[in-house]
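Let me begin by presenting the structure, written as structure tokens, before commenting on it.
The values are calculated or read from the model by the stated rules, or taken from the named source; none is laboratory data. Keep in mind that what you see is a predicted model, and the values were worked out from it rather than measured. Cβ placement follows ideal geometry from the backbone for every residue including glycine, while neighbour counts extend to all protein chains displayed. Surface areas here come from the heavy atoms of the whole protein model, side chains and all, with no ligands, DNA or RNA. Shrake-Rupley method; radii C 1.70, N 1.55, O 1.52, S 1.80 Å.
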Amino acid sequence: MSNVRVRFAPSPTGPLHIGGVRTALFNYLFAKKNNGTFILRIEDTDQNRQVANAEKYIFDALSWCGIPPDETIGKNEKFGPYRQSERKHLYKKYANELINSGNAYYAFDTSDALDHERKSHEEKGKTFIYNWHNREKGRLTNSLVLSKEEVQTRIDKGDKYVVRFKMHNPEDGENITIGTTDLIRGYVSFKKDILDDKILFKSDGMPTYHLANIVDDHFMEISHVIRGEEWLPSIPLHIALYNAFGWKAPEFVHLPLILKPTGKGKLSKRDGDKLGFPVFPLSYANNQTQEISRGFKEDGYFSESVVNFLAFLGWNPGTEQEIFSLDELVKDFDLSRVNKAGARFDPAKTKWYNQQYLQLKPNEELATLYLPILADKMTQSNSTNKITPSISHLSDKNYVTKVVTLIKERATFVSDFWSLSHFFFQAPTSYDAKASKKQWKEETPGLINSLIDVLTSMDDYTSKSIENVVKAWLTEKELGFGKVMPPFRLALVGAMSGPHLFDIAEMIGKEETINRLEKAIKTL
Ligand code: GLU
């Protein structure tokens, strides 16, 4: 496809929800797949809803996901500015053009007057819609019924006004529809005569979303508008605006909603709070309420796994493959494989993705991520004495890498590592009560003392040779494995969990193994 130019156009009204990140991702994938351009435009025309740190959040989120825009504020500003509040002059000009061509008009109705209309309609069981039915009947105050001079006088003296779009004209006939072919949904159309005359521009000099969005998409030469399904109802107005300007409309693609894990409706922050998962890519501190929302990043997700599971919210490759790098997604992404139906968010599946990515990560890289957690444990141990490392391995990268190799298959997050591996760094501080009762019998101390003798005499203290020596000893003395191995594990780990016991013994070394066995005899 030639000259593909797509845009992600968020309004900086708060942190970007993962639904927004999914929209950005699909735009990115479509652009890259077609050698096109991915644009980030900030739609900040609704000044009342702006949140100061939200714009930065959007940039940070895309950068964490590894999907940076090709053109945006401060980067390749080919058709800039890319922040709508800096393009006000343009919107005014095009609002005027629509007025001059008879497609739009000034409306001076006060909010009281409109409330009054609404109420009196309600009393008759009707809904008030500002459109061709009533705009020229005299009860509404607009430039279609006022004289040119009066309109000018009102504007000159600073009366508040809005510019409304003539959605439908009676002379067009009844039951006229307007629509477009959505690349996912096929032809979508809407009846024109039941729609309202939407506000395009306000006397505070600001356009509404609709006007700004169409003007910008046109001048930024956007070829495809890829956005959430919630914008589908705007299609008739947007197509009508393109027609009124005499501009070619871009192709439209409305992505399926992301649904709650169970039940009906869109995934919301409340679902996340209730079920304990994030709905934002990065954590977000609300300046006003001081509320902190959790983020996938801070919860320990790898950005690759977030990108991968987001791609599958609405798209699938049509094969069994579930793990896709960003490059692979670019290669295989195809709008024809995006579903119409809503995509259900599955928190368990997002964890599964992270677990898969964790297994794929090089052990050294994981060790690098684990080291600061261990350093923290060290600090805690110094200050509270809670952690008393018996081995000085907490900062030994080689040792930590080996530990990670042994335990990672059971981990979903790097933050799981400590509970899976603390015994590589410190002797048990307690022993699992149930296991102790079951495994530590009267004859156990004697057997463990003999085990200590066996281990003491060893020179080559490696996993394999410890295993051979201990097994040979058990066989020779005709001792059941079940009598020695479980207490042995309990003494080294403090519980019946953990990786291969002889690997643990090798890692902590002979002296530490013996210390722990002696400690268990004393304690249990
Ligand atoms: N500013 C709109 C939003 O916040 C953009 C919608 C569109 O892509 O047209 O989602």
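Selection of first residues in segment 232-256 that are farther than 25 Å from GLY102 by Cβ and of second residues that are in a helix (DSSP H, G or I) and open to solvent by 20 Å² or more (accessible area, probe 1.4 Å), restricted to Cβ pairs under 7 Å at least 6 apart or on distinct chains, gives the following pairs, ordered by first then second residue: HIS254/GLU229; HIS254/TRP231; HIS254/LEU232; LEU255/GLU229; PRO256/GLU229. Residue pairs whose Cβ atoms lie under 8 Å apart, separated by 6 or more positions or on different chains, with the first residue in segment 34-56 and on the phi < 0 side of the Ramachandran plot and the second within 12 Å of the ligand (Cβ to nearest atom) and of a type in the set (Asp, Glu), are ARG41/ASP216; GLN50/ASP44; GLU55/ASP44.
Within segment 311-338, residues that are within 21 Å of ASN354 (Cα to Cα) have Cβ atoms under 7 Å from residues that are crowded, with 18+ Cβ neighbours inside 10 Å and among the β-branched types (Val, Ile, Thr) in these pairs: LEU313/ILE258; GLY314/VAL338; TRP315/VAL338; LEU326/VAL307, counting only partners at least 6 apart in sequence or on another chain.
Consider segment 285-341 and keep the residues that are closer than 23 Å to ALA411 by Cβ, of a type outside the set (A, V, I, L, M, F, W, C) and touching a Gly at 6+ places or on another chain (Cβ under 9 Å). The one that is most open to solvent (accessible area, probe 1.4 Å) is ARG294. One residue alone among VAL163, VAL145 is touching a helix residue (DSSP H, G or I) at 6+ places or on another chain (Cβ under 6 Å) and outside any helix (DSSP H, G or I), and that residue is VAL163. Contact map, segment 7-18: first residue more than 20 Å from GLY36 (Cα to Cα) and open to solvent by 30 Å² or more (accessible area, probe 1.4 Å), second residue within 7 Å of the ligand (Cβ to nearest atom) and not in a loop (DSSP other than H, G, I, E, B), Cβ cut-off under 9 Å, separation 6 or more or different chains; pairs are SER11/TYR209.
Selection within segment 224-242: residues that are among the hydrophobic types (A, V, I, L, M, F, W, C) and surrounded by fewer than 19 Cβ atoms within 10 Å (Cβ to Cβ). The member of this set that is farthest from the ligand (Cβ to nearest atom) is LEU232. Within segment 208-223, the only residue that satisfies the criterion of being open to solvent by less than 10 Å² (accessible area, probe 1.4 Å) and either outside any helix (DSSP H, G or I) or touching a Gly at 6+ places or on another chain (Cβ under 9 Å) (or both) is MET220. Residues in segment 58-89 that are closer than 22 Å to LEU326 by Cα and part of a helix (DSSP H, G or I): 8 in all.
In this entry, SER63 is excluded by the filter for residues that are small (Gly, Ala, Ser), within 15 Å of the ligand (Cβ to nearest atom) and out of contact with any Phe, Trp or Tyr (no Cβ under 7 Å at 6 or more places or on another chain).
The rows are residues; the columns are (1) of a type in the set (Ser, Thr, Tyr); (2) closer than 22 Å to LYS92 by Cβ.
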| residue | (1), (2) |
| --- | --- |
| TYR187 | yes, no |
| ASP193 | no, no |
| ASP197 | no, yes |
| GLY205 | no, yes |
| HIS210 | no, yes |
| VAL215 | no, yes |
| LEU232 | no, no |
| HIS238 | no, yes |
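Is there a residue being in contact with a Pro (Cβ under 6 Å, 6 or more places away or on another chain) and either buried (at least 17 other Cβ atoms within 10 Å of the Cβ) or in contact (Cβ under 8 Å) with a residue 60 or more places away in the chain (or both) anywhere in segment 417-432? Yes. For segment 440-476, what are the residues that are among the aliphatic types (A, V, I, L, M), over 54 Å from the mean Cα position of the chain (by Cα), open to solvent by less than 50 Å² (accessible area, probe 1.4 Å) and more than 16 Å from GLU511 (Cβ to Cβ)? LEU447, LEU474, listed by residue number.
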